[in-house]
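First the structure, in the form of structure tokens, and then the observations on it.
Taken together, the values in this text are just the output of simple stated rules run on the coordinates, not laboratory data. It should be emphasised that the depicted structure is a prediction, and the values quoted were computed from it without experimental measurement. Ideal geometry is used to build each Cβ from the backbone, glycine not excepted, and the neighbour counts take in all protein chains shown.
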Amino acid sequence: MKKENVSKHMKKVTINLALWTLSWLLTLALATFGPKFIWQERTTWSILAIAINTLIGVGLIRAHIKHLSALDELQKKIQFDAMGIALGVGVIGGLSYSVMDIANVITGDAEISFLVMLISISYMIALTIGKKRYT
Amino acid sequence: MKNKLKVLRAERDMTQADLANSLAVSRQTINAIEKGKFDPSLPLAFKISKLFQLSIEEIFDNEETKES
């Protein structure tokens, strides 16, 4: 595949990934806030919203796989290194956080959102370092 | 791994972007290979070899092999 085609393809899969991410975020917000602010705790609507969000989540995963496939070998390496670090930090950090909750070291319950933030931040830091390393 | 990519590219009056174009990779990848920060895969090495009509050994210098 020549560069122009590669660039076009890359642009296409990146836009596709952005649209799936946006859709997933919007449906997640709908499933989270809908029961309280839109459909007044009606379970059927909540199940429907969660099902739609999950299905769009599957689409998001597929879009991400397509995006990774479109990268060249160095870009793939940078992405995989960053994902590996994020996974490691997520597992280690997440389990430590869970143990802290069980041992009552932290006040209140452990929240999944903190784990998501930890994974996202470590992924972004690792990605930035990886990109800089090969520049 | 050391290589002659920069010299070969300069001899043909090609920019990094031109070479990246021909090999269907990003300019960052060409830059990283030239600086020896990233070793290309075998398929990419073959593509480079075919483009410059030289053998892989003429382009890439495996220092480790030489030392042993």
**Request:** Report, in degrees rounded to the nearest 10, the 0 to 90 angle that the Cα long axis of helix A:3-37 makes with the longest principal axis of chain A.
**Result:** 0
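Strictly greater than 19 Å: what percent of every Cα pair in chain B meets that? Present the calculation step by step, with values, prior to reporting the outcome.
On the way: 522 of 2278 pairs.
In whole percent, the share of Cα-Cα pairs in chain B beyond 19 Å is 23.
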**Complete:** Of all C-alpha pairs within segment A:72-135, those more than 13 angstrom apart amount in percent to 63
**Message:** Which of rounded, prolate or oblate describes chain A when judged by the alpha-carbon gyration tensor and an a/c cut-off of 1.5?
**Reply:** oblate
**Asked** If you average the sequence gap of Cα pairs under 8 Å that are 6 or more apart and divide by the length of chain B, what percent do you get for the contact order?
**Response** 42
**Prompt:** Which of the listed residues, A:116, A:92, A:128, is farthest toward the dipole's positive end in segment A:73-135, when Lys, Arg count +1 and Asp, Glu count -1 at the beta-carbon?
**Reply:** A:128
**Message:** Tell me the relative contact order for segment A:1-70 as a rounded percent, counting alpha carbon contacts under 8 Å between residues six or more apart.
**Reply:** 46
**Asked** Tilt of helix A:112-133 relative to the longest C-alpha principal axis of chain A, in degrees (0 to 90, nearest 10)?
**Response** 20
**Request:** Search the structure for amide H atoms under 5 Å from the amide H of residue B:3, placed 1.01 Å from N in the peptide plane, and list their residues when 5 or more places away or on another chain.
**Result:** B:61
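Using 0.36 nm per residue of separation minus the Cα-Cα distance, give me the extension gain between residue A:15 and residue A:102 in nm, one decimal.
Values: separation 87, 0.36 × 87 = 31.32 nm, distance 4.21 nm.
Extending this stretch completely gives an extra 27.1 nm.
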**Asked** Taking the Cα centre of each part, how many Å lie between segment B:11-68 and segment A:55-89?
**Response** 25
**Request:** Evaluate the charge dipole of segment A:72-135 about its Cα centre and quote only its size in Debye, nearest 20, assuming +1 on the Cβ of each Lys and Arg and -1 on the Cβ of each Asp and Glu.
**Result:** 400
**Request:** Using a 10 Å Cβ count of at most 15 others and DSSP loop calls, identify the longest part of chain A lacking such trypsin sites (Lys or Arg not before Pro).
**Result:** A:43-135
